[in-house]
1. Around residue 349, which amide H atoms from residues at least 5 apart in sequence, or from another chain, sit under 5 Å from its own amide H, with H modelled in the peptide plane?
2. What are the ³J(HN,Hα) couplings of segment 112-119, residue after residue, when phi is run through the Karplus curve with 6.51, -1.76, 1.60 and θ = phi - 60°? Round to Hz, x for glycine and proline.
3. Under a crude label model (7 Å from the Cα following the beta-carbon direction), how far is residue 285 from residue 91 in nanometres?
4. From the cross-link list 133/406; 234/406; 130/368; 125/326; 125/222, which pairs have alpha carbons spaced over 31 Å apart?
5. If R₀ is 45 angstrom, what is the calculated FRET efficiency for the pair residue 112 and residue 273, using the beta carbon separation as r and rounding to 0.05?
6. What's the local net charge at residue 225, with K and R +1, D and E -1, over the other residues with C-beta under 12 Å away?
7. Between residue 352 and residue 180, what is the spin-label point distance in nm, taking each point 7 Å from the Cα along the Cα→C-beta axis?
8. Which of the lysines could a cross-linker bridge to residue 389, judged by Cα under 17 Å and excluding same-chain residues fewer than eight apart?
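Laboratory data are not the source of any read-out in this text; all were calculated from the coordinates shown. Keep in mind it's a predicted model, so treat the numbers as computed, not measured. Here the Cβ is made from the backbone with ideal geometry for all residues, glycine too, and neighbour counts use every protein chain on show.
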Amino acid sequence: MAPVTTGGNSALNWRGRALKKRPSNVMLILVILTTIFYMPIWIGVNMNGGFPRSSGMELGIPPLERFVAQSRDTSISRRIQASVGPNTNAKINELQDRVRYLETKLNAYLAFASDPFLSNRFPAKCNNEKLIKDLACVGNEHCALDNQVICLDNFPNIDKSVLSSSRRVREQNTVPQRNQECIVYDFGIRESPEYGLAFAKAPFDCTVVGFDPSPISLDWWKNNHRSIRKNHPKYDFMGVGAGGVDGPLQLHEYDWGQVSILEYPKRVIDTTNCTAAGACRYKFYNQKSFTIPVKTLKTIMTELGHQHITLLKLDVEGSEYTFLEKMIDDLSCRNVDQLTLEWHHYDYDSRYGVTSNPQINVLVALLKDRCGLEQYSVHPSGGWPSNQKLYAEMGFQLYYTLSSFKRTQWTF
């Protein structure tokens with residue numbers, strides 16, 4: 001699918017190269033330290049309606065100095081309990097979790113004392129990898145799927161007899177077996193549903209739902225839903241998009257009849273049409289907009305009555321960022337056993353080159369830390385660049401990267 005990112009009124013958008021002008025590392029670290037020092041005091045003030053007795057405020061001792069002095073003798077947990085009273089373990093745990101969450105995001109983005117090439121690593125192992133084309137495109141020369149990698153280790157319905165004896169032994173030793181229905185969510189299908197259809201039939205027999213709000217997809221489903229439901233009764237379709245919020249969202253006209261979160265700049269400099277003095281004319285772009293329904297993963301699962309997802313596929317033209325951020329934040333990601341996606345990305349860390357992407361590093365770190373999902377396959381060399389003249393004229397350095405994650409942590 002073509003590369004996309006979050007829109008804006010200029011070529012330098014918040015998912016793209018605007019992030020190259022990132023804040024000072026020192027300032028960001030100071031924010032974290034200030035939060036750690038002052039949050040316990042803030043909790044004490046708000047829960048007790050003011051500073052506790054003998055807090056030092058009546059003596060004119062500044063909060064930070066008082067806090068540091070107390071830290072010489074007691075742990076942070078005891079100091080918080082002294083300020084807010086008994087039964088505060090839940091509050092303490094919540095605060096510590098939020099600080100860890102912030103620290104993971106900050107360190108991964110800045111590659112601060114952490115692996116700058118995290119998005120290009122694949123520490124998880126899969127015993128039975130398959131290319132989706134080998135599963136979905138056999139005998140179909142018009143199949144338009146990319147070479148995404150699927151791991152069949154923990155698919156609940158697959159016949160294990162097709163695997164070698166050594167693989168069966170490894171699976172029995174390393175892969176928890178879930179007696180659950182196989183459920184597949186396929187986000188971003190255009191008019192090529194082969195990915196989802198491959199899992200809606202034997203040997204998988206999964207319940208599959210395809211999602212795409214693009215006009216071309218709505219027309220495809222309108223014209224083909226009867227035959228698809230007849231031949232694949234476990235397949236269904238919803239004309240909604242992947243979002244970080246629930247509700248209508250303005251998306252924009254995009255390649256191949258799809259819609260995208262990317263908004264083109266209204267004008268760009270045409271360097272092929274300049275005067276002798278160096279003044280260049282502008283090129284103007286007119287892009288249609290559509291109001292499209294989008295939903296978060298948590299909302300969709302609730303509406304469909306699903307408790308878990310065996311395989312979640314995302315190819316959503318830039319909306320993967322907000323969708324993943326939301327499912328990480330509300331922890332609905334813990335209900336997903338496997339994730340395959342296509343990243344649409346622009347920025348890279350100029351200190352390390354194209355295989356170090358700050359935005360993707362953050363999500364890869366959080367998928368492991370909060371969701372228990374680790375990468376087992378990724379396209380090498382930071383993906384591949386777009387060859388479209390349109391994006392080159394806009395000043396975009398567009399890349400696509402295929403990536404796959406599997407569950408390596410089952411309890412939290």
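1. 356, 357
2. 7, 6, 9, 5, x, 10, 4, 5
3. Simple spin-label model gives 5.1 nm for this pair.
4. Checking Cα-Cα distances, 125/222 exceed 31 Å.
5. Efficiency, from the Cβ-Cβ distance: 0.50.
6. Once all neighbours under 12 Å are counted, the net charge is +2.
7. That separation, rounded to one decimal, is 3.1 nm.
8. 266, 283
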